[in-house]
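Worksheet: the structure to be examined is printed underneath.
The values are calculated or read from the model by the stated rules, or taken from the named source; none is laboratory data. These numbers come from a predicted model, not from an experiment. Ideal geometry is used to build each Cβ from the backbone, glycine not excepted, and the neighbour counts take in all protein chains shown. The accessibility values were calculated without ligands, DNA or RNA, using every heavy atom of the protein model including side chains. Shrake-Rupley method; radii C 1.70, N 1.55, O 1.52, S 1.80 Å.
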Amino acid sequence: MAPAQPFDKLLEIVGEANFHQDEGALTRFLEEPRGLYKKGAQCAVTPTSVKMVQKVMQFAYQNEIAVVPQSGNTGLVGGQVPATGKEIILSLSKLRQVREVDTSTNVMTLEAGITVLEAQKHAEEADRLFPLSLGSEGSCQIGGILSTNAGGTAVLAYGNSRDLCMGVEAVLADGRLYKGLSKLRKDNTGYDLKDLLVGAEGTLGIITAASMKMFPRPRAFETALLNIASPQVGVEVFEIVRKRAGNRLTSFELLPTIGMDLQLKHELITRDPRAKDAPTNWHILLELSLFEGDEDGALLGVLEELAEKELVADASLCNSLGDRQLMWLMRENYAECQNREAQSIKHDISVAIRDIPTLMDEVDAAAERIVPGIRPIAFGHMGDGNIHYDFLAPEGFEGDFKAFAPEIHKATYEILAKLNGSISAEHGIGQMKADLLAQKKDPTALDMMKSIKLALDPKNILNPGKILRS
Ligand SMILES: Cc1cc2nc3c(=O)[nH]c(=O)nc-3n(C[C@H](O)[C@H](O)[C@H](O)COP(=O)(O)OP(=O)(O)OC[C@H]3O[C@@H](n4cnc5c(N)ncnc54)[C@H](O)[C@@H]3O)c2cc1C
């Protein structure tokens, strides 16, 4: 079917193979992981070069057509799918060149459509580490992880995507190219434009390539699952381990027992990873990275100190690669086991680490008052202060559990505000939290953000309806 005006021009720019307008062809661009946003799109385009991306943006700018940038389509807040259905989707997934792997500067320059897993492999081939690691790494892409400033399981040691990025190349709203692929560790020449584009969720420009940091590869990992009495003990354990291990402490994940029980119940894991005598409801999944020159057994020393101080009830140490894989599989399954069990209500929030126990005491109590028997499943990157604070419907609950979401969100975000926490630690704002951001963000900060948006996107064609409400 011939596309309607003015899309014949767009078809001409990208070519038939990269123009998708039929309902069937559009589905993969429109379905997002949580199935919450279901608007259509005028069409999707998959340009194969940066020049082509520029031409698409020139076309959109001239015709004032809104553009939704998309990479791996794994975002969890509806940022990568249309808000109205009148947009075109601009997928960067065909920009797949590795432009350079520079082992003297430890930087690789990758185009936006390369997945995180592929980036890890490219670094590995050069005997280096690309440390970003997250559950969606087989699908999410460089453009997407930078635009959401993704975190993951190694933020403690290496930082989030923003920290891993030295520079970006981006196409602006009017089609101009920002050539910011820096490899410089020192460059004090005014505003940091890279840091504006990173975390902007496609509202300020289209990232087409980025220079990403690499690190020495650890020669070994030491991993253990610690059984602890409470999140408060978790904070104490964190302080001790961090002091002893410094940046070798790569991951420190808080895991409530309920998640492991559900995974065994729903056969997501076949072997219980816990130590036999784990008497309490809380665990920490802890991982140290060892480098050339580090002696084996660093973790044992840490565990001895924790045992002497009576902070750990029991521990299960990984003795093989298989053990370690099981631990990380179990960690990644914390979202899926909820999907299999019951309806859930979710939050992705952060506070200072020492405030986590207060947050958890108060939020659990508030939720229990709203829905007696509610099942909290608060887990995640404790070492970053980032908790995925989820709630499952009570056992045997019948009815619409999600109807309680507004009340539970309100209570949670009020407690969070008291603790100066963030309403979005990892997943961003997208469509899901745009109203919440308008309520919770400091008005001066919001004004500054709106001024920047207006300066870089005067026609409001870059991912409108995401992050900022106009
Ligand atoms: C199973 C699972 C586990 C996850 N675990 C984590 C986790 O541990 N930590 C975490 O932080 N996130 C996690 N996420 C969320 C998600 O994977 C990340 O937000 C990821 O960074 C999105 O990358 P993507 O390539 O899929 O981007 P998309 O989903 O395609 O896009 C995300 C946002 O970026 C914009 N965008 C995409 N590409 C570009 C570009 N080239 N230029 C400008 N804007 C662009 C989109 O418009 C959208 O607003 C998880 C998701 C899933 C499904």
Exercise for the section: Kindly list the residues of the range 35-51 that lie in the label zone of residue 435, defined by a backbone N under 18 Å from the point 7 Å along the Cα-to-C-beta vector. Expected result: 36-39
Problem - Ordering of 82-94, 16-28, 227-239 by packing [mean C-beta count within 10 Å, highest first] - result: 82-94, 227-239, 16-28
Handout entry: Linear extension gain, residue 124 paired with residue 219, 0.36 nm per residue minus alpha-carbon span
Key = 33.0 nm
Handout entry: Top positive-direction residue, dipole computed over the range 19-94 with Cβ charges, set 60, 24, 92
Key = 92
Practice task
Please give the contour-minus-distance gain from residue 102 to residue 442: 0.36 nm per residue of separation, less the Cα-Cα distance, rounded to one decimal in nm.
Solution key: 118.3 nm
Completion exercise
Quick calc, the range 37-194, dipole around Cα centre from Cβ unit charges on Lys, Arg (+) and Asp, Glu (-), nearest 20 debye, gives 360 debye
Handout entry: Mean separation of Cα contacts under 8 Å (6+ apart) over length of the chain, as relative contact order %
Key = 15 percent
Handout entry: Zone residues, the range 6-27, relative to residue 176, backbone N less than 13 Å from point 7 Å out along Cα-to-Cβ
Key = none
Practice task
Give the shape of the range 302-373 as rounded, prolate or oblate, defined through the alpha-carbon gyration tensor: a ≥ b ≥ c are the square roots of its eigenvalues, a/c under 1.5 means rounded, and otherwise the shape is prolate if a/b is larger than b/c and oblate if not.
Solution key: oblate
Exercise for the section: Give me the accessible area per residue for the range 203-255, probe 1.4 Å, as a whole number in Å². Expected result: 32 Å²
Exercise for the section: State the answer as a single residue: which of 158, 180, 143 lies farthest towards the positive end of the charge dipole of the range 132-195, with beta carbon charges of +1 for Lys and Arg and -1 for Asp and Glu, about the Cα centre. Expected result: 180
Exercise for the section: With a Förster radius of 51 Å, plug the Cβ-Cβ distance of residue 403 and residue 187 into 1/(1 + (r/R0)^6) and report the FRET value to the nearest 0.05. Expected result: 0.50
Practice task
Could you size up the charge dipole of the chain around its Cα centre, putting +1 on the beta carbon of Lys and Arg and -1 on that of Asp and Glu, and report it in debye to the nearest 20?
Solution key: 1560 debye
Handout entry: Anisotropy class of the range 98-216 from Cα gyration tensor, a/c 1.5 cut
Key = prolate
Practice task
Tally up the carbon and sulfur contribution to the accessible surface of the chain as a whole percent, 1.4 Å probe, everything protein left in place.
Solution key: 49 percent
Practice task
Could you please put 55, 346 in sequence from largest to smallest accessible area, using a 1.4 Å probe?
Solution key: 55, 346
Handout entry: Ratio Rg/Rh, restricted to the chain and using Cα atoms, in which Rh is the Kirkwood radius
Key = 0.98
